[in-house]
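Reading through the structure tokens given below for one structure.
The values are calculated or read from the model by the stated rules, or taken from the named source; none is laboratory data. Given the structure is predicted, the values throughout are model-derived calculations rather than measurements. When the accessible area is computed, the model is the full protein with side chains, heavy atoms only, and any ligands, DNA or RNA have been set aside. Shrake-Rupley method; radii C 1.70, N 1.55, O 1.52, S 1.80 Å.
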Amino acid sequence: MSEPEFYDVLRQGLWIAFLISIPILTVALAAGLAIGLFQALTSVQEMTLTFVPKLAAIIGVFWITMAFMSETLVGFFQTTLIPLIAGG
């Protein structure tokens, strides 16, 4: 494997990781922002109020996007990594 091929595979892998993480990070950001706004408006400073709803939102989005994530990773492995490994 030459150096340009290595960097191309690395670039593709980082792009796949970025695409897979977008839904979860977006929901975590939105939930954190909503909860922070709620805490600022009500002056309620409870740690479980920030953790539990954000965790529930992240788990829900992960459950919904699990098929997309799996298909994306399997496609990347089948089209890029496995041929490189098998070809030497």
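Dividing the Cα radius of gyration of the chain by 2.2 N^0.38 Å, with N the residue count, gives 1.57. Seen against the Cα atoms of the chain and their longest principal axis, helix 3-42 is set at about 10 degrees.
Fully extending the segment from ALA56 to LEU73 would add 3.7 nm, taking 0.36 nm per residue of separation and subtracting the current Cα-Cα distance. First compute the accessible area of the chain with a 1.4 Å probe, then give the percent of it belonging to carbon and sulfur atoms. So the carbon and sulfur contribution to the accessible surface is 76 percent. Rounded to the nearest 10 degrees, the inclination of helix 47-76 to the longest alpha-carbon principal axis of the chain is 20 degrees.
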